[in-house]
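Everything on this sheet refers to the single structure shown next.
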Amino acid sequence: MLLQGRNLIQPEDFSIQEIDEILSLAQNIIDNPSKYSNICEGKLLATLFYEPSTRTRLSFEAAMNRLGGRIIGFSEPNSSSVSKGESLADTIKTVECYADAIVMRHPVAGSAAEAAKYSEIPFINAGDGGNQHPTQTLTDLLTIKSLKGSLENHTIGLCGDLKNGRTVHSLVKAMARYKNVKFVFISPDELKMPDYIKEAIKGHAYYETNNLDDVIGSLDVLYMTRVQRERFENQDEYEKLKDCYILNKSKMKNAREDMLVMHPLPRVNEIDVDVDSDKRAVYFKQAKYGMFVRMALIMKLLGLSVERHMIIERECVNV
Ligand code: CP
């Protein structure tokens, strides 16, 4: 099925083959960036951020700019008519009059699926509450594929706030579709992977523990996460749990030489800055892959390709 005109609300919206197409295109963009520098000329991407973001918003905006397209939107909902009480439905119905695709981050789980109902143009979920973050997952898949060579046969440890971390929910559901992938869920009892995610990967090998030291030596990838302060109703509970895991040089001694340390970022205390210089720490590389994979996603959803662009340019010359 063509990706043109589609929405991305959760990773399962795309087949493994479609995800592979996006990852291959992202790799081609990395290898030949100049070929893609004006492919989105005349196109507008709307970025609607109802929640703070550094990487997701800026990488989408950098992606569209690097493709030769333009951006409209807001990073602070109070600067839009949301502050006057405009509904999400009316905001989306308005923005789709102006743009070719919409990227939205929102604090309410399920809001992306709801908003997409009102959009006739491609709609991309940039994170909905503690639910899903599918473009972070595309970023993570590109990082693992590029640095490990394959998405199969890996043991992936996910550590920290597995209850509230939308990135790990999306990643686990996506990685469960690849052969011989095992998961180790590392969290305190209060922040365990939700049952609905475990149910979604039923039949797949996973192991739960609260001890990172016990399992770090068995991992191909260690995916660290921040304890999500903004999702806690009780701040005392957050204070109690916020430093439950701190990855440092000493813990890294027990990890494999080729283990990747990933993190969607932002980081608070969960990875000591001393780890940054370790060649296994790839979280800033991961942030860079995020821009390339979003370039590929935008192109696919808008139905753009280098081949099509060259035909259009030839036809314009011949007129
Ligand atoms: N990884 C991620 O979503 O980061 P931001 O919150 O900065 O967008």
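The values are calculated or read from the model by the stated rules, or taken from the named source; none is laboratory data. No experiment lies behind these values; they were computed from the predicted model shown. Every residue, glycine among them, receives a Cβ derived from its backbone with ideal geometry; neighbour counts consider all protein chains shown.
If you go through the stretch 259-285 and pick out every residue that is free of Cβ contacts under 8 Å to residues at least 60 places away in the same chain and either within 10 Å of Met224 (Cα to Cα) or in a loop (DSSP other than H, G, I, E, B) (or both), you end up with 12.
On the given criteria, is Thr91 modelled with pLDDT of 95 or more, within 15 Å of the ligand (Cβ to nearest atom) and among the polar types (S, T, N, Q)? Step through it out loud before you land on a result.
Values: modelled with pLDDT of 95 or more: yes; within 15 Å of the ligand (Cβ to nearest atom): no; among the polar types (S, T, N, Q): yes.
So Thr91 does not fit the description; no.
Applying the condition of being among the hydrophobic types (A, V, I, L, M, F, W, C) and assigned to a helix (DSSP H, G or I) to the stretch 54-81 and asking which residue is farthest from the ligand (Cβ to nearest atom) yields Met64.
Quick check on the stretch 1-53: of everything there that is outside any loop (DSSP other than H, G, I, E, B) and hydroxyl-bearing (Ser, Thr, Tyr), which residue is surrounded by the fewest Cβ atoms within 10 Å (Cβ to Cβ)? The selected residue is Ser34. Scan the stretch 123-134 and give yes if some residue there is assigned to a loop (DSSP other than H, G, I, E, B), at pLDDT 95 or above, more than 16 Å from the ligand (Cβ to nearest atom) and crowded, with 19+ Cβ neighbours inside 10 Å, otherwise no. Checking the stretch 123-134: not a single residue is assigned to a loop (DSSP other than H, G, I, E, B), at pLDDT 95 or above, more than 16 Å from the ligand (Cβ to nearest atom) and crowded, with 19+ Cβ neighbours inside 10 Å. In the set (1) crowded, with 24+ Cβ neighbours inside 10 Å; (2) within 13 Å of the ligand (Cβ to nearest atom), Pro107 fails one condition alone, (1).
For the stretch 211-224, the tally of residues that are surrounded by fewer than 21 Cβ atoms within 10 Å (Cβ to Cβ) and either within 30 Å of Glu51 (Cα to Cα) or out of contact with any Asp or Glu (no Cβ under 9 Å at 6 or more places or on another chain) (or both) stands at 6.
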